[in-house]
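The values are calculated or read from the model by the stated rules, or taken from the named source; none is laboratory data. Bear in mind that the values here come from a model prediction, so they are computed numbers and not experimental data. Cβ coordinates were reconstructed from backbone atoms using ideal geometry, including for glycine residues, and neighbour counts include every protein chain displayed.
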Amino acid sequence: MKDELLIKFLLKEANEQEKAEVQQWIAADADHKTYFAQFEKIWLASKTLSPNGKADEEQAWIRFKARVAANQSAKDSHSPVAHNSAIKSLNVNYTWLKVAASLVLIAGIWFAYNFFGDQKYTDLLAGNQVIKEILPDGSEITMNKNSVISYATDFKEERSIHLKQGDVFFDVAHDKSHPFVIEIDQVSVTVVGTSFNIRHIKDETEVVVETGIVKVASGNDVIELRQGEKVSIKPSSPQLIKETNKDQLYNYYRSNYFLANNIPLIKLTMALNEAYDTQIVINEPSTANEPINTTLKRSDSFDSNLAKICRTMDLKITRNGAQILLSKNK
């Protein structure tokens, strides 16, 4: 995959065929995902730099592109004509050209260190239990069961985490000189010192902030979340839209309470299925989306909590093998 095409993709200047080519390449291999995530991180970093100086902006951009392309030269050989053509084909927003000179240095160091250096990652799996861990930088994390992350082995210098699946609460140690970055597929979460929860199940990601400020990025879309705010990212709606967090159900694996404050019943049953390894099924959409207000103790038995839900919602239980079917009493 040519870096020129990746940059066009990040700039949202790729046509539909090129978009499909990049997306298929990313999905084809875990190493491709890692490469793209780090590549994207360079571009996102440019947005935090203050444009200054009177350097020739267009020439600075070309030098940046040449440096990025140089990392691919060991595998591919591109003619000067083709390379210059690729550069000229980008209708770059000139605001970003003002920081291109700084990006030349960032790109050279970043790619050399991350893609050709010895950076390694350590896997951390929660298994069948909720676990708490202290990372090498002093940050504390709580992982819901069946959650999987990996973190940079040299974590004090490179505070980088890949969240592969599950629910993880982060209480990040403050270190302004080393931002704490979490990669989830094509989503990036960046913080300095704060606390927040990330849920990543299949292709859906949710970030809920408890304290501080969290920056969430997807492609060229970047938003900041503060205490009590959240963002949900789905393949069907990839745009980052900030919302006020209205319930505490996401926190059940830490608080040990299922707090259902006027939320759809289906959301509560999904949390119970995760916690107790059960298969509650609601076939009636109207029942699944009906709001419920209740508080359940995680320490109570599944049957006890299920009975409380049925009393509250006037439901009956029908069992079909491992499935537990809920429906309205008629």
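Quick notes
- The residue that is modelled with the lowest pLDDT, among those in region 1-55 that are of a type in the set (D, E, K, R) and farther than 29 Å from Ile149 by Cα, is Lys54.
For every residue, the table says whether it meets (1) surrounded by fewer than 16 Cβ atoms within 10 Å (Cβ to Cβ); (2) touching a Phe, Trp or Tyr at 6+ places or on another chain (Cβ under 8 Å).
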residue	(1), (2)
Lys176	yes, no
Asp185	no, no
Val208	no, yes
Glu224	yes, no
Ser232	yes, no
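- Set Leu240, Leu259: member being assigned to a loop (DSSP other than H, G, I, E, B), surrounded by 17 or more Cβ atoms within 10 Å (Cβ to Cβ) and touching a strand residue (DSSP E or B) at 6+ places or on another chain (Cβ under 6 Å): Leu240
- Which numbered condition Val207 fails, given (1) of a type outside the set (Gly, Ala, Ser); (2) under 23 Å from Asp137 (Cβ atoms); (3) more than 11 Å from the chain's Cα centre (by Cα); (4) not assigned by TED's automatic domain parsing to the domain that holds Asn289: (3)
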